[in-house]
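Participant: The structure is given below, and queries will be raised subsequently.
The values are calculated or read from the model by the stated rules, or taken from the named source; none is laboratory data. Nothing here was measured: the structure is a model prediction, and the numbers come from that model. Quick reminder, even Gly has a Cβ in these numbers, built from the backbone with ideal geometry, and neighbours come from all protein chains shown. SASA here: full protein model, heavy atoms, side chains in, ligands and nucleic acids out. Shrake-Rupley method; radii C 1.70, N 1.55, O 1.52, S 1.80 Å.
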Amino acid sequence: MDHWPLHALVLRTPRLDLRPDDDEGLAELADVALDGVHPPDRMPFGVEWTDAPRDRLGLNTLQHFWQVRSTLSPRRWTVNFIVRVDGRVVGVQSLGADDFPVLREVTSGSWLGLRHQGRGIGTEMRAAVLLFAFDHLGAVAARSSAFGDNLASHGVSRKLGYRPDGTFRQVRRGEPAEQTRLVVTPGTLRRPDWELEVSGVTPCLPLLTGREPTE
């Protein structure tokens, strides 16, 4: 018996393979992080995890994903999909929710190794989890946010049909910075010209949606 319902879940796009994190994939993902995620003079993340000392960054990455994986429940979950191109890990795309059985909303976040940026992979992998959330989980909205100077993230959001939904301020590297909230729904999503292939979703439904699969 397979006791981990996400074990067989796979999302496939024309170029990408997205699978929930496992230890083998995380080891490769940590190496991608060590190769660099953003220029040192910039900080695109609300949590400044890439500022950790190099000798701690890999371990911190593993421990973070282990902790997130261990606490999944219908009330609060985040699935961290490891993204591969031609079998090689290039980054991670997260999809999360609080009280999904009631609210039916999701959030997303992602990062790519520097060497893999600028090729449209970020748009393709976020589109994949949006299609999964809307078409397979029954989500009614997807939310995200980005600092004003994170032009790449805002570019992905525009391509996919997100709309501004207010702002908030937070401290970034000791200075105030503003993030823009963004939201997209099944009706405003700009769907890609390809179909998402999904397998292994049925065993995941009780954990992610709180409902049993129907025949």
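Participant: Quick one: Karplus J couplings for the stretch 4-13, per residue in order, coefficients 6.51, -1.76, 1.60, θ = phi - 60°, nearest Hz, x for Gly and Pro?
Facilitator: Per residue, the Karplus-derived 3J(HN,Hα) values read 10, x, 7, 4, 9, 6, 9, 10, 10, 10 Hz.
Participant: Continuing with the same structure: Got a sec to turn the phi values of the stretch 70-77 into Karplus ³J(HN,Hα) couplings, 6.51 cos²θ - 1.76 cosθ + 1.60 with θ = phi - 60°, whole Hz, x for Gly and Pro?
Facilitator: Whole-Hz 3J(HN,Hα) from phi for the stretch 70-77: 6, 10, 4, 7, x, 6, 8, 8.
Participant: Another one. Place +1 on the Cβ of every Lys and Arg and -1 on the Cβ of every Asp and Glu in the chain, take the dipole about the Cα centre, and give the residue among 6, 58, 186 whose Cα lies farthest towards its positive end.
Facilitator: Towards the positive end, the residue furthest out is 186.
Participant: Which GluC sites (Glu not before Pro) in the stretch 109-207 pass both tests, a DSSP loop state and at most 10 other beta-carbon atoms within 10 Å?
Facilitator: Working: sites: 124, 178, 195, 197; in loops: 195.
Answer by residue number: there is no such site.
Participant: When ligands, DNA and RNA are left out and all protein chains stay put, how many square angstrom of accessible area per residue does the chain have with a 1.4 Å probe?
Facilitator: Details: 11410 Å² over 215 residues.
On a per-residue basis, 53 Å².
Participant: Enumerate by residue number the GluC sites (Glu not before Pro) in the stretch 1-80 meeting two conditions: DSSP loop (anything except H, G, I, E, B), and at most 10 other Cβ atoms within 10 Å of the site's Cβ. It would help to have the intermediate numbers written out before the result.
Facilitator: Details: sites: 24, 28, 48; in loops: 48.
For GluC sites (Glu not before Pro) across the stretch 1-80 that sit outside H, G, I, E and B with at most 10 neighbouring Cβ atoms in 10 Å, the list is empty.
Participant: Using θ = phi - 60° and the Karplus relation 6.51 cos²θ - 1.76 cosθ + 1.60, list the HN-Hα couplings for the stretch 130-142 in order, rounded to whole Hz, with x at every Gly or Pro.
Facilitator: Whole-Hz 3J(HN,Hα) from phi for the stretch 130-142: 5, 4, 4, 5, 6, 8, 10, 9, x, 5, 10, 7, 10.
Participant: Is the shape of the stretch 51-130 rounded, prolate or oblate, going by the alpha carbon gyration tensor and its root eigenvalues a ≥ b ≥ c, with a/c under 1.5 for rounded and a/b larger than b/c for prolate? Mind showing how you got there, number by number?
Facilitator: Working: a/c = 2.43, a/b = 1.26, b/c = 1.94.
Verdict is oblate for the stretch 51-130.
Participant: Given Cβ point charges of +1 (Lys, Arg) and -1 (Asp, Glu) and nothing else, what value in debye, to the nearest 20, does the dipole of the chain about its Cα centre take? Spell out each step's value before the answer.
Facilitator: Numbers: 26 positive and 28 negative charges, 139 e Å.
It works out to roughly 660 debye.
Participant: Something else about it: Over the stretch 35-127, with every protein chain in place, what whole percent of the accessible area is carbon and sulfur at 1.4 Å, could you tell me?
Facilitator: Working: 2400 of 4790 Å².
It is 50 percent, rounded to a whole number.
Participant: Tell me the label only: which of (i) 34, 17, 16; (ii) 25, 21, 17; (iii) 27, 18, 17 is semi-axes √(5λ) of the Cα gyration tensor in Å as calculated from this structure?
Facilitator: So the calculated entry is the one marked (ii).
Participant: Where nothing but the Cβ of Lys and Arg (+1) and of Asp and Glu (-1) is charged, how large is the charge dipole of the stretch 1-106 around its Cα centre, in debye to the nearest 20? Intermediate values should be presented prior to the final figure.
Facilitator: Numbers: 12 positive and 17 negative charges, 59 e Å.
Here the size comes out at about 280 debye.
Participant: Right, here's the next one. Among 127, 167, 106, pick out the residue whose Cα is farthest towards the positive end of the charge dipole of the stretch 105-208, where Lys and Arg carry +1 and Asp and Glu carry -1 on C-beta, about the Cα centre.
Facilitator: 167
Participant: Looking at the chain, identify the longest residue range that excludes and avoids all trypsin sites (Lys or Arg not before Pro) in DSSP loops having at most 16 other Cβ atoms within 10 Å.
Facilitator: On the way: sites that count: 15, 42, 75, 104, 119, 173, 190, 211.
Segment 120-172 is the longest.
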